[in-house]
Structure formats: C-alpha cells, structure tokens
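To keep things clear, I will list the structure first and then write my remarks on it.
The values are calculated or read from the model by the stated rules, or taken from the named source; none is laboratory data. Just so we're clear, the structure is a prediction, and the values are computed from it rather than from any experiment. Note: areas computed on protein heavy atoms with side chains; ligands, DNA, RNA excluded. Shrake-Rupley method; radii C 1.70, N 1.55, O 1.52, S 1.80 Å.
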Amino acid sequence: MRNTDYICLEDRAAPLLLPWPLVDNPGGFIEITKAEDWRALVGSLDVDPRIPDIVRAKYERAQTLYLLGWIDCELIKAAELAALIALELAVMDRYGDKISKRKRGFAALLKYMVEGDGLTALLRDAGWHVNRKRVERIWRREGLKVPQKQPKRGRLWLNDGSCIRLRPEYPGHVWSYDFVEGRTHDGRKFRILSIIDEASRECLALPVARRLRSEDVLAALAELFVTRGPPAHIRSDNGPEFIATAVQQWLAKIGVKTLYITPGSPWENGYCESFNGSMRDELLNGEIFYTLAEARILIEAWRRHYNTVRPHSSLGYRPPAPETATAPSPPSGSASLHLRPAMAPEATMH
C-alpha cells in the first residue's frame with residue numbers, strides 16, 4: 001500500500017458499519033470506531049508482490065479511496081469500482097490467452113477462473129457460490145455500473161449506396177472530438193476536450209480548462225496538426241464550439257472534411273463516446289481533484305497510461321500506442337503552433 005501517513009483520520013463518534021464478506025460469513029458486517037483500526041484493516045488488504053505493477057497501481061488507488069471512506073462513505077463506492085478495475089486487469093493478465101478474442105469479456109474470464117482453473121471447489125468450501133448474475137446483483141446493490149450487452153446494429157445506407165457513418169480505415173483517416181465535464185473538490189466545473197484517432201483508438205490530446213471555446217478548439221487542433229499532420233476527416237457533434245464559422249473555415253482551408261452527427265444521436269460518434277465513458281469510469285469517478293492544475297496533471301498521466309499501457313479489447317488487448325512513451329515534440333521554427341499558456345503548462349509530466 002502506498003504511503004498514506006499524510007491522511008489524518010480522527011476517531012468517529014458513531015461507528016462505521018459496513019457489509020464486509022468474511023471467509024466464514026460472506027454476508028457479514030464490520031463495525032469500527034477507531035481510525036487506526038480502519039487504517040490497519042485497509043493496509044492489511046494488500047496484494048501479492050507477484051501481481052503486475054499496473055494492477056498494483058490500480059489497487060493502491062482503491063486502498064487510498066477506502067481509507068478516505070472513513071471521512072466520506074460515498075468514496076467507498078469509488079474504491080470498489082477501482083478495485084474491480086484492478087481485478088479485471090489481473091484476471092486479463094492471468095487468463096487472457098485462455099479464451100478466444102471474440103468471447104474474452106470480463107464475465108467469461110471470471111467464469112474461466114472459477115470453473116476452468118480448479119477454483120470452484122475452493123470457493124465453495126469457503127462459502128462462496130460465484131456466477132455472473134451474482135456478481136451483477138452485487139454491482140447493482142452497491143450502486144455500481146453494470147455493463148449491458150449491446151445488441152448488434154446494422155449499418156445505415158443511403159439510396160445512392162453510401163454509408164451514413166464513415167468508418168475509419170487507417171490511422172489519420174478519421175479523428176473525433178467531444179467535451180467531457182468534471183468538477184474540482186470545491187464544486188467548480190471544468191471541461192476536457194477529448195480528441196481521439198478512431199482507427200488506432202489513440203487519445204491524441206486532453207486539454208483541460210474551466211472554459212473551452214472555439215478558439216481553444218482551434219489551438220488544440222493546430223498543435224496536433226503540426227506534430228501529427230491533419231486527418232482526412234474529423235467527426236463531432238453540433239456543439240457551438242465545433243460548428244463555429246472560424247472552425248469550419250479553418251478546417252476547410254487545410255483540407256479536413258467535417259463529419260457532423262445527427263442532432264440528438266450521440267451513438268453516431270460512438271468511438272469518442274466510448275472513450276469518454278472509459279475516462280469517466282476509470283479516472284473522473286475515482287479521483288478527487290483539489291485544484292485545476294492537479295486535474296490537468298492526473299488527466300494527462302491517465303492519457304499516457306491509456307495510450308501506452310492499458311489493454312484495449314478491440315485491438316486484441318493491446319494498448320493503442322505502446323511505442324509512444326511521450327508526446328512528440330513540435331518542430332522548431334516559425335511554423336510551430338502551441339497551445340495557449342492557460343491550457344498547456346500543467347499538462348506536462350516530469
């Protein structure tokens with residue numbers, strides 16, 4: 001467990017009562033009044049040293065959130081979500097090669113772990129009876145997001161034989177961008193502009209600011225166009241920052257074709273919506289941002305982890321850009337374009 005001595009906890013007047021499964025009583029509860037007892041309990045829930053570093057980092061975040069749950073019980077739900085993500089990564093690392101890619105979901109991995117790896121008898125002897133529906137019921141009871149099986153949808157075709165939604169064919173073919181909203185600890189909102197490459201699934205940039213206008217969109221795109229080159233198409237919704245005349249005219253001069261989705265149809269921007277959901281589940285819902293600068297640093301760190309380490313199911317459980325450890329540096333000279341000072345400095349990791 002990471003060093004959490006800087007977190008000060010005081011004894012509670014009323015005890016903390018939580019459902020806490022035990023080996024001999026899976027439906028048991030614990031009742032703790034002293035802060036040091038809670039700290040000792042959370043610290044004892046460590047993982048095996050052979051666990052991969054990425055899983056350990058995720059689990060240590062869950063432990064920190066559990067510890068802070070002594071102050072705010074709502075954080076315990078976030079801790080459970082972080083722990084489930086760590087479990088998914090650990091199970092994928094252990095059993096990912098045992099199941100075909102087409103069926104390699106979290107539920108299938110858990111089923112293989114329980115039934116195919118000889119653990120069923122041990123779990124039953126300990127009083128556990130595990131199946132997918134039981135796990136989903138526990139998730140719902142604790143207020144966690146239960147992934148729903150998505151039905152297959154046919155592609156929509158026009159009368160001239162063209163497809164309504166342009167599918168990416170190669171990296172740099174289609175980019176997409178959208179806004180995500182977050183809050184700092186004081187309740188103030190901030191916005192994130194997520195820009196992704198639909199073919200490679202790589203997140204190209206995540207600028208963060210209290211306000212992001214059309215000129216900020218232009219600045220972020222200009223930086224990327226200089227370092228990576230412009231895409232053939234760029235997809236977005238019909239937000240005022242994206243349909244602004246200045247943005248449309250600038251993209252047209254460069255030769256980038258805009259793909260605006262039908263109003264009220266976010267599924268047409270599915271790649272970006274999926275990425276935004278992952279960022280919210282894995283980062284925004286599990287972190288407390290005390291300042292905007294801290295949000296920028298943590299969000300940029302998560303972006304790099306997403307690109308270089310985090311496995312992506314549609315890429316055969318490989319990261320989008322494993323060879324890209326750091327963002328490319330813009331070329332020197334008068335042609336260089338940079339983000340405005342308010343957007344860039346805190347997002348650089350050292």
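Overview of results
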{"item": "Accessible heavy-atom area order of 92, 279, highest first, probe of 1.4 Å", "result": "92, 279"}
{"item": "Members of 58/189; 98/257; 189/253 lying beyond 31 Å, as alpha-carbon distances in this model show", "result": "98/257; 189/253"}
{"item": "Residue 8 - accessible surface, heavy atoms, 1.4 Å probe, Å² rounded to 10", "result": "110 Å²"}
{"item": "For residue 190, residues with placed amide H under 5 Å, excluding near neighbours", "result": "182, 183, 184"}
{"item": "Residue-by-residue Karplus 3J(HN,Hα) for segment 297-310, coefficients 6.51, -1.76, 1.60, Hz, glycine and proline x", "result": "5, 5, 5, 5, 5, 5, 4, 5, 5, 4, 6, 10, 10, 5"}
{"item": "Long-range amide H partners of residue 200 with built H, under 5 Å", "result": "172"}
